[in-house]
Amino acid sequence: MNFRSFIHAGLAALAVGATAFATPASAGATLDAIRQRGTLKCAVQGPSNPGFGVPDNQGRWQGFNVDLCRAVAIAIFGNGDKIEIAALTTQTRFPALTSGEVDLLTNNTTYVQLRETQLRFNFPAITFYDGQGILVPKKLNVTQVRQLDGATVCVQPGTTTELNLADYFRKLNISFKPVVIQSRDELTRAYAEGRCDALTSDATVLAAQRSTLANPSEHVILEERLSKEPLGLTVRRGDDDFRVLVTWVFNALVNAEELGITRANVDQMLSSSDPQIRRFLGVEPGLGSSMGVSDKYAYEIVKALGNYGELYEKYLGERTPLGIPRGLNRLWTEGGILYVPPAR
């Protein structure tokens, strides 16, 4: 066999092997179903999560996580209103995603190993770097978790929060009594009524819950963090086309901020001579069409919603009721750890 014949035979063998081991089902199935349905189904924390996802007076959902869903819908349909929002609990979110009831979780799900290896989910992007905190009434004069030895602590079941709480108190060799309630609203109500001494969740969630209390200034989130909580967008395995699209939609929000592209100046930026900006906004084609969407997908997202920093300040920032400093979620160029691959 000459060299050329050997190469041809090898390529043929590789093709047969690839066919034999290919997953039979679903490359593109989720994205195809979304397009045929005409809407993108997203899950947010229910029934409401101020700053991240709440319905307004007209029933239209608003919030940081809702706009992440809208951004994906804009890439797929060119229209951020083509979404269906499902308000799910921590207990119902994973079955809903597995069954196909929803296409995408945008509801502050922590990226951990077993959710990827056992539950077989993919996490296309980390959207928020958080940590678990503890909320306490100021009147308790508590400044450290160690002072909560023997306290009752409100916590949601079936979460990394519940596991982290047990691990942290065990590490400190102190005890606590859990008050386990599935509904976040009911959990906050239990804390407000004094049925527990403290409330634990991701620090951002605690800021949202505190904003709903009668006197938010009378409650403090301890500076101590029990864990690291990388919160991510979550999809089912099996549709790489959809996973890749979700990844690059989020990356577009961050890259836009890094490039200085805002909702206010995005039209002006179309005439930029910077080749990176021209590619990003679709003036020079290729990035969008490589994913089967418009080359202007990033332009359309920023035009409709703004960049990552604009979404943060609109819903979560220090001028909002939540008042959450950007901290780790600043761009890497500004002292944070928010860093995504370049669009090229």
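Of all the residues in the range 107-144, those that are over 21 Å from the mean Cα position of the chain (by Cα) and of a type in the set (K, R) number 2. Among the residues of the range 44-73, those identified as modelled with pLDDT of 95 or more, among the hydrophobic types (A, V, I, L, M, F, W, C) and in contact with a Leu (Cβ under 9 Å, 6 or more places away or on another chain) are F64, L68, C69, A71, V72, A73.
Yes/no per residue for (1) within 22 Å of the chain's Cα centre (by Cα); (2) under 30 Å from T143 (Cα atoms); (3) of a type in the set (F, W, Y); (4) not in a loop (DSSP other than H, G, I, E, B):
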position	(1), (2), (3), (4)
E224	no, yes, no, no
T247	yes, no, no, yes
R263	yes, no, no, no
S272	no, no, no, no
R279	no, no, no, yes
E284	no, no, no, no
S294	no, no, no, no
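For the range 189-228, the set of residues classified as over 25 Å from G327 (Cα atoms) and of a type in the set (S, T, Y) consists of Y191 only. With respect to the conditions (1) touching a helix residue (DSSP H, G or I) at 6+ places or on another chain (Cβ under 7 Å); (2) buried (at least 20 other Cβ atoms within 10 Å of the Cβ); (3) not polar (S, T, N, Q), V244 falls short on a single one, namely (2). Checked against the criterion of being in contact with a Pro (Cβ under 8 Å, 6 or more places away or on another chain), within 16 Å of A43 (Cβ to Cβ), surrounded by 16 or more Cβ atoms within 10 Å (Cβ to Cβ) and not basic (K, R), the candidates T152, T90, T109 yield just one match: T90. The residue that is farthest from the chain's Cα centre (by Cα), counting only those in the range 226-243 that are within 22 Å of V112 (Cβ to Cβ) and in a helix (DSSP H, G or I), is D240.
Checked against the criterion of being under 19 Å from R170 (Cα atoms), assigned by TED's automatic domain parsing to the domain that holds V180 and buried (at least 23 other Cβ atoms within 10 Å of the Cβ), the candidates V136, V145 yield just one match: V145. Identification of helices (runs of 4 or more DSSP H) wholly contained in the range 35-123 with 1 or more residues that are aromatic (F, W, Y) yields 64-77, 93-99.
The values are calculated or read from the model by the stated rules, or taken from the named source; none is laboratory data. If you're wondering where the values come from, they're calculated on a predicted model, not measured in any experiment. Virtual Cβ from ideal backbone geometry, glycine too; neighbours counted across all protein chains shown.
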